[in-house]
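Have a look at the structure below before the remarks.
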Amino acid sequence: MIDEYLDRNSPTTQQFHELLQPYKTEFGAILLRDYHELLKKYEIAEMLSEDFKICTSYLLHYAWEKLHTGHWKNVHICWRVLYASIKLLTVLYSLRKSINEDEGECNSYNYCHIQYTQLICELDYSLIMGYSIFDSFASKLASELHKCIKLTSEESVCSEDITFQLDNDNFEMEMLNQTMINMNKLARVSCPSLEMFKKLMKLGRPFIITNAINFWPAYHQHNWTLKYWKDNFGHRLVPVEIGSKYTEENWGQKLMTINDFINNYFFTSNNEKQTNLMKGYLAQYEIFSQIPELESDIHIPDYCTLTGDAFDEDTNTANTNVDDIHIDTNIWFGPKGTVSPLHHDNDRANLLSQVKGYKYVVLYEASQTLYLYAYEDNMLSNTSKVDIEKPDLNKYPEFVKASGFYGILGPGEMLYIPPRCWHYVRSLSASFSVNFWWDVVPSLIPPWQ
């Protein structure tokens, strides 16, 4: 059980000591002294778990304040490391005390379902707000705790007969507003070779790839369903976007478990009180670093290793050293009706891979930027003011001149989105998508006009 896992894998007190040493200058003598005192209490393990948490509150509060000072990207990594280490110490201390005091209780149904779920949330906080330390030990421990819960839990019941189905085959034609007259249907290419993909990249146009990810375990073996996610990851904490779209004033984010996310936002029709509930969307989130076992359900497409550099140009193969290429992988998981407003991803290439469900997409090349009315605000400068579904031509008269592409992305298909290509995405059903961003050479990045 969990005690055996901890004996084999838990970081030592010495490792916790060494963790903060590279940041001595940033922390200062007083904070390091308090941290070392905390480690002594942890090692002796004579305090009650609640008392130990009280002793950690000062350090956690101090780290929390540092995490919320200024812009997130400018926060020094030392404060994320400190926050993660304190959270992990709290969880390990709670587990050790329970095991030592009452091993039977530690393995009981109530303990697994009440305390383990709380500890998983603490570990996820350390990963989301903190940093991955000790070779992702917090993530691995959260997975082990979740397995313990699953062993004594009844399997979840999810009605998914129509959740991921497309209920209107003519939707794309209905969506094409009469003002969008210069639109072309996206080309579809069946599993192109690397050489063919390079040629298509050079054209700078978006297109749909079919029959290229059908081998993914997420697509068939594990078959990503709501039930699969609830059973295996339901108690994990994730940041969910709340609101119709990120350009709206009422848009925000909230941390919640995957169970709560699915229960509250996928089956609202079963609860009349929730019919007016705002959309929830697990969007653009690097969940694979938080839950590494999900990585085995997908594969980075070989196409992402084509950067357009000299190596690619002179051969018919990809740059097979993936470690040399910076690839960002994100999950997009939500119910029917989630929307990503018209925007672009700056200078990176993008492959949007549809695992389950359907999405309607509209795209415009960079050359159409003048007609798309980007926000002047720096935070939204990559986003269009135009509502694709209901364009206001009184405000945005030039939009009628924009020419672009449209189509429906279905299960097992990928959409190639060139650098600086504007794109709008709407879920036509519940949907699981994974996207891959990677860098390309300047010659593959088009001018804005």
From 340, 384, 403, residue being touching a His at 6+ places or on another chain (Cβ under 9 Å) and more than 30 Å from residue 305 (Cβ to Cβ): 384
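Taking the residues in region 53-99 that are of a type in the set (S, T, N, Q) and modelled with pLDDT under 95 as candidates, determine which candidate is surrounded by the fewest Cβ atoms within 10 Å (Cβ to Cβ).
Our first condition is that a residue be of a type in the set (S, T, N, Q); within region 53-99, this holds for 56-57, 69, 74, 85, 90, 94, 98.
Next, from what is left, pick out any that are modelled with pLDDT under 95: 56-57, 69, 74, 90, 94, 98.
Values: 56: 19, 57: 12, 69: 12, 74: 7, 90: 23, 94: 18, 98: 19.
Across region 53-99, the extreme among qualifying residues is 74.
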Restricting to region 8-22, give me the number of residues that are assigned to a helix (DSSP H, G or I) and surrounded by fewer than 17 Cβ atoms within 10 Å (Cβ to Cβ). 9
Qualifying residue in region 213-232 (condition: part of a strand (DSSP E or B) and modelled with pLDDT of 95 or more): no
Does residue 202 meet the test of being in contact (Cβ under 8 Å) with a residue 60 or more places away in the chain, in a helix (DSSP H, G or I) and loosely packed, with under 14 Cβ neighbours inside 10 Å? yes
If a residue must be at pLDDT 95 or above and among the charged types (D, E, K, R), how many such residues does region 357-391 contain? 3
Among (1) crowded, with 16+ Cβ neighbours inside 10 Å; (2) free of Cβ contacts under 8 Å to residues at least 40 places away in the same chain, residue 381 falls short only on (1)
Given (1) part of a strand (DSSP E or B); (2) more than 20 Å from residue 245 (Cα to Cα); (3) touching a Leu at 6+ places or on another chain (Cβ under 8 Å), where does residue 399 come up short, assuming only one miss? (1)
Contact list, first residue from region 217-241 and not assigned by TED's automatic domain parsing to the domain that holds residue 129, second anywhere and basic (Lys, Arg), beta-carbon distance below 6 Å, six or more apart or interchain, is 224/356; 240/254
Taking into account only those residues within region 1-60 that are out of contact with any helix residue (DSSP H, G or I) (no Cβ under 8 Å at 6 or more places or on another chain) and basic (Lys, Arg), which is nearest to residue 81 (Cα to Cα)? 33
Could you list, in sequence order, the residues of region 194-227 that are within 25 Å of residue 445 (Cα to Cα) and aromatic (Phe, Trp, Tyr)? 197, 207
Output the number of residues of region 69-100 satisfying the condition of being in contact with a Leu (Cβ under 9 Å, 6 or more places away or on another chain) and either of a type in the set (D, E, K, R) or assigned to a helix (DSSP H, G or I) (or both). 20
Test of understanding: among 333, 405, which residue is of a type in the set (Phe, Trp, Tyr) and over 27 Å from residue 242 (Cα atoms)? 405
Before we move on, is residue 272 at pLDDT below 95, surrounded by fewer than 14 Cβ atoms within 10 Å (Cβ to Cβ) and under 30 Å from residue 383 (Cα atoms)? no
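Yes/no matrix, rows are residues, columns are (1) more than 30 Å from residue 289 (Cβ to Cβ); (2) surrounded by 22 or more Cβ atoms within 10 Å (Cβ to Cβ):
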| residue | (1), (2) |
| --- | --- |
| 398 | yes, no |
| 402 | yes, yes |
| 409 | no, yes |
| 414 | no, yes |
| 434 | no, yes |
| 442 | no, no |
Identify the single condition in (1) within 30 Å of residue 239 (Cα to Cα); (2) touching a helix residue (DSSP H, G or I) at 6+ places or on another chain (Cβ under 7 Å) that residue 338 does not satisfy, given that it satisfies every other one. (2)
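The values are calculated or read from the model by the stated rules, or taken from the named source; none is laboratory data. Nothing here was measured: the structure is a model prediction, and the numbers come from that model. Neighbour counts are summed over all protein chains in view; Cβ atoms, including those assigned to glycine, are modelled from backbone coordinates with ideal geometry.
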